[in-house]
Amino acid sequence: MNSLRLNSNSIIVCTFAVVMSIKPITILAFESSCDDTAVAIMRNGKILANIVATQKIHEKYGGVVPELASRAHQQNIVPVLHEALNFAGITLENIDAIAYTRGPGLLGSLLVGASFAKGLALALNKPLIDVHHMQGHILSHFIDETEAPEFPFLCLTVSGGHTQIVLLNDYFDMTIIGETLDDAAGEAFDKTAKILGLPYPGGPLIDKYAKLGDSLKYNFPRPKIEQYNFSFSGLKTAVLNFINNEMQRDNQFINNNLNDVCASVQHRIVMILVDKFEKAALAYKVKHIGLAGGVAANSALRSAFQSIANKINCKAHIPAFEYCTDNAAMIAMVGYLKFKKGVFGNQTQTAVARLDFDMLK
Ligand code: KG4
Ligand code: ZN
């Protein structure tokens, strides 16, 4: 009879290995790159808490005021941390590592989250993990995911500051294959909203009014840009000129046609995004595609994205709404993956406004 013989030492080693492999990994994460102060707690890839304090102060200025944003982060960060800990039902002793957004973003805002995370890591003697904000948006697809994307995976990341098509062959093997040459898609929404007299951030309001309008009523121009790159500044100028002309003829034009203008501009932005993305997905022969970033919350973009996935026979992945706009859950996700890889940051690293993917593998 074959039998497995273990001496007492091997039993101790085996037991230790089992305990090590089942010990949960708990990540505390901070995100403060723009105007949202966010703290999340993740255990083994599942979110225990995801708290975001949105700064209302910028509404009346038509955009984020950097100095006001960093002051608001300072006021919010401690209460948001306490709320996250309470929500998760854990204490700081239960944390295995602290992840934070190192860049890109507004420097004054990033510095608040980075300094706080570094100070806390020092006080608690826990490892630090520095995270790239855009990698966070992309890897948000893997949060709480039962049907995670498979590699190669092509992601369209659309936020207030970025518009990128990124090819992933693995979690940290990311290549930008196309990006905006000027304004980001979110800026196109926000600047259109400003022209129409709507408060910041305009994207959600344009989405709301567009639902009631005719998306084919006004024909805004489509840029002719090489390869898989984008441009939105021409569209912004076209909207500005169009509204100025119409308002000269009829000063009630915006009031009477708001829904149709929102629907038509939104339609153009969405078409620019999905047409380019479809070409890229076909060229790179991927079977899994994803949509990330704040603009991924847009209802027309979500349904157009799903439609192209059906058309080209790909599986579409779109994160839950709360993981699309800025949040710390996505930073915790990257932190968790880096922790498992054994990749840590250190106390000498500082926040940076501009940051390449390669600098934070
Ligand atoms: O990713 P995000 O929260 O912050 C940045 O990293 O920039 O994206 C913010 C952007 C803003 O431009 C906002 O107007 C846009 O996302 N946004 C939307 C919607 N919700 C947020 N744009 C269009 N439709 C939406 N429903
Ligand atoms: Zn973002």
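The values are calculated or read from the model by the stated rules, or taken from the named source; none is laboratory data. Computed from a predicted structure; not experimentally measured. Cβ atoms come from the backbone with ideal geometry, glycine included; neighbour counts cover every protein chain shown.
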If I ask for residues that are in a helix (DSSP H, G or I) and either within 14 Å of ligand 2 (Cβ to nearest atom) or at pLDDT 90 or above (or both), which ones from region 9-39 would you list? none
Scanning region 115-153 residue by residue, those assigned to a helix (DSSP H, G or I), closer than 18 Å to R43 by Cα and either modelled with pLDDT under 95 or of a type in the set (S, T, N, Q) (or both) turn out to be S140
Does region 236-251 include one or more residues that are in contact (Cβ under 8 Å) with a residue 24 or more places away in the chain, more than 24 Å from G160 (Cβ to Cβ) and either surrounded by fewer than 13 Cβ atoms within 10 Å (Cβ to Cβ) or within 16 Å of ligand 2 (Cβ to nearest atom) (or both)? no
Tell me the residue from V334, V343 that is touching a Gly at 6+ places or on another chain (Cβ under 9 Å) and in contact (Cβ under 8 Å) with a residue 40 or more places away in the chain, please. V334
Sole miss for L6 among (1) more than 20 Å from the chain's Cα centre (by Cα); (2) modelled with pLDDT of 85 or more; (3) part of a loop (DSSP other than H, G, I, E, B) is condition (2)
Which of the residues belonging to region 223-256 are under 28 Å from the mean Cα position of the chain (by Cα) and of a type in the set (F, W, Y)? Y228, F230, F232
Inter-residue pairs, beta-carbon under 9 Å, first in contact (Cβ under 8 Å) with a residue 24 or more places away in the chain and more than 14 Å from V39 (Cβ to Cβ) and in region 107-119, second basic (K, R) and crowded, with 18+ Cβ neighbours inside 10 Å, 6+ apart: L110/R102
Every residue in region 317-332 that is farther than 12 Å from H137 by Cβ and part of a helix (DSSP H, G or I), please. F321, E322, A332
Of everything in region 192-210 that's assigned to a helix (DSSP H, G or I) and more than 9 Å from ligand 1 (Cβ to nearest atom), which residue is farthest from the chain's Cα centre (by Cα)? I195
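Name the one entry in Y218, Y228 that is more than 12 Å from ligand 1 (Cβ to nearest atom) and touching a strand residue (DSSP E or B) at 6+ places or on another chain (Cβ under 7 Å).
Working: Y218 fails: touching a strand residue (DSSP E or B) at 6+ places or on another chain (Cβ under 7 Å).
Answer to the selection: Y228.
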Among (1) among the polar types (S, T, N, Q); (2) in contact with a strand residue (DSSP E or B) (Cβ under 6 Å, 6 or more places away or on another chain); (3) crowded, with 23+ Cβ neighbours inside 10 Å, where does T175 come up short? (3)
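Provide a single number: the residues in region 281-302 that are of a type in the set (G, A, S), assigned to a helix (DSSP H, G or I) and either within 12 Å of ligand 1 (Cβ to nearest atom) or buried (at least 19 other Cβ atoms within 10 Å of the Cβ) (or both). Can you show your working first?
So in region 281-302, the residues of a type in the set (G, A, S) come out as 281, 283, 290, 292-294, 296-297, 299-300.
Retained after the next criterion (residues that are assigned to a helix (DSSP H, G or I)): 281, 283, 294, 296-297, 299-300.
Now drop any that are not either within 12 Å of ligand 1 (Cβ to nearest atom) or buried (at least 19 other Cβ atoms within 10 Å of the Cβ) (or both), which leaves 281, 294, 296-297, 299-300.
Residues meeting the conditions: 6.
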Looking only at region 153-175, filter to residues that are within 16 Å of ligand 1 (Cβ to nearest atom) and within 12 Å of H141 (Cβ to Cβ); which one of those is nearest to the chain's Cα centre (by Cα)? T157
Members of region 207-253 found to be of a type in the set (D, E, K, R) and out of contact with any helix residue (DSSP H, G or I) (no Cβ under 6 Å at 6 or more places or on another chain), listed by number: K208, K211, R222, K224, E226, R249, D250
